[in-house]
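The values are calculated or read from the model by the stated rules, or taken from the named source; none is laboratory data. Quantities reported herein were computed from a predicted structural model and do not represent experimental measurements. Note that we place each Cβ from the backbone using ideal geometry, even for glycine, and neighbour counts take in every protein chain shown.
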C-alpha cells in the first residue's frame, strides 16, 4: 500500500495559511500606520507564491505554495476589510497607531473596546450589555 501525503500537506498549508492570516492581519493592521504597505507586500508575496506553485516540479510543494499564495492574496484584501471593521467599531482600534487614532477622532463608531473580549452568554446582547460585560471582565481579572 502506498501512502499519499498530498492531502496532509494541503491540509497543513491551509490551516497555517488561515491561522497566520487571521492573526497576522489583525496584528499588522493594529501597528501599521498605513494599510497600503502591508497590502502591497501581501499582493507581491501572494503572486510570488503562486508563481512558485506554477514553477515547482513537486506536487507537494506546488500544492502548498498554491494554497499559501491564495491565502496571502486574500489577506491583502483583508487589510482593507479590517480597516473598515475598526472604523465601524467592529474591531478594537489601537490608540497608539496614528491611523487608528485618526479613526477614533473622526468616527463615532470606532472604539478601543474589544467586543469579543468576553465570555459568551449563549444569547444575543445589546451594545450596552456587551460593554458592561467587557468592562466587568477587565475589573474581575
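So which of 135, 99, 118 is in a helix (DSSP H, G or I) and closer than 22 Å to residue 23 by Cβ? Walk me through it before giving the result.
Numbers: 135 fails: closer than 22 Å to residue 23 by Cβ; 118 fails: in a helix (DSSP H, G or I).
It is 99.
Among the candidates 67, 44, 35, single out the residue that is closer than 30 Å to residue 7 by Cβ and either surrounded by fewer than 17 Cβ atoms within 10 Å (Cβ to Cβ) or at pLDDT below 95 (or both).
Going through 67, 44, 35 in turn, just one is closer than 30 Å to residue 7 by Cβ and either surrounded by fewer than 17 Cβ atoms within 10 Å (Cβ to Cβ) or at pLDDT below 95 (or both): 44.
Could we say that residue 53 is modelled with pLDDT of 95 or more, surrounded by 13 or more Cβ atoms within 10 Å (Cβ to Cβ) and under 19 Å from the mean Cα position of the chain (by Cα) here? Spell out the reasoning first.
On the way: modelled with pLDDT of 95 or more: yes; surrounded by 13 or more Cβ atoms within 10 Å (Cβ to Cβ): yes; under 19 Å from the mean Cα position of the chain (by Cα): no.
Answer is no for this residue.
Out of curiosity, is residue 16 under 30 Å from residue 134 (Cα atoms), part of a helix (DSSP H, G or I) and at pLDDT 95 or above? I'd like the intermediate steps shown before the answer.
Details: under 30 Å from residue 134 (Cα atoms): yes; part of a helix (DSSP H, G or I): yes; at pLDDT 95 or above: yes.
Against the criterion (under 30 Å from residue 134 (Cα atoms), part of a helix (DSSP H, G or I) and at pLDDT 95 or above), residue 16 qualifies.
State the number of residues belonging to the range 1-55 that are in contact with a helix residue (DSSP H, G or I) (Cβ under 6 Å, 6 or more places away or on another chain) and without any contact (Cβ under 8 Å) to a residue 24 or more places away in the chain.
Of the residues in the range 1-55, 4 are in contact with a helix residue (DSSP H, G or I) (Cβ under 6 Å, 6 or more places away or on another chain) and without any contact (Cβ under 8 Å) to a residue 24 or more places away in the chain.
On the given criteria, is residue 78 in the same structural domain as residue 14 (by TED's automatic domain parsing), farther than 30 Å from residue 4 by Cβ and surrounded by 12 or more Cβ atoms within 10 Å (Cβ to Cβ)? So that I can check it myself, show each step before the final result.
On the way: in the same structural domain as residue 14 (by TED's automatic domain parsing): yes; farther than 30 Å from residue 4 by Cβ: yes; surrounded by 12 or more Cβ atoms within 10 Å (Cβ to Cβ): yes.
For residue 78, the condition - in the same structural domain as residue 14 (by TED's automatic domain parsing), farther than 30 Å from residue 4 by Cβ and surrounded by 12 or more Cβ atoms within 10 Å (Cβ to Cβ) - is met.
Report yes if some residue within the range 117-130 is closer than 16 Å to residue 26 by Cβ and free of Cβ contacts under 8 Å to residues at least 60 places away in the same chain; otherwise report no.
Yes - at least one qualifying residue is present in the range 117-130.
Could you grab me the full set of residues in the range 19-32 that are assigned to a helix (DSSP H, G or I) and surrounded by 14 or more Cβ atoms within 10 Å (Cβ to Cβ)?
Within the range 19-32, 20, 21, 24, 25, 26, 28, 29, 30 qualify.
Taking the condition in contact with a helix residue (DSSP H, G or I) (Cβ under 8 Å, 6 or more places away or on another chain), part of a helix (DSSP H, G or I) and closer than 30 Å to residue 130 by Cα, does residue 62 pass? Reasoning before the result, please.
On the way: in contact with a helix residue (DSSP H, G or I) (Cβ under 8 Å, 6 or more places away or on another chain): yes; part of a helix (DSSP H, G or I): yes; closer than 30 Å to residue 130 by Cα: no.
For residue 62, the condition - in contact with a helix residue (DSSP H, G or I) (Cβ under 8 Å, 6 or more places away or on another chain), part of a helix (DSSP H, G or I) and closer than 30 Å to residue 130 by Cα - is not met.
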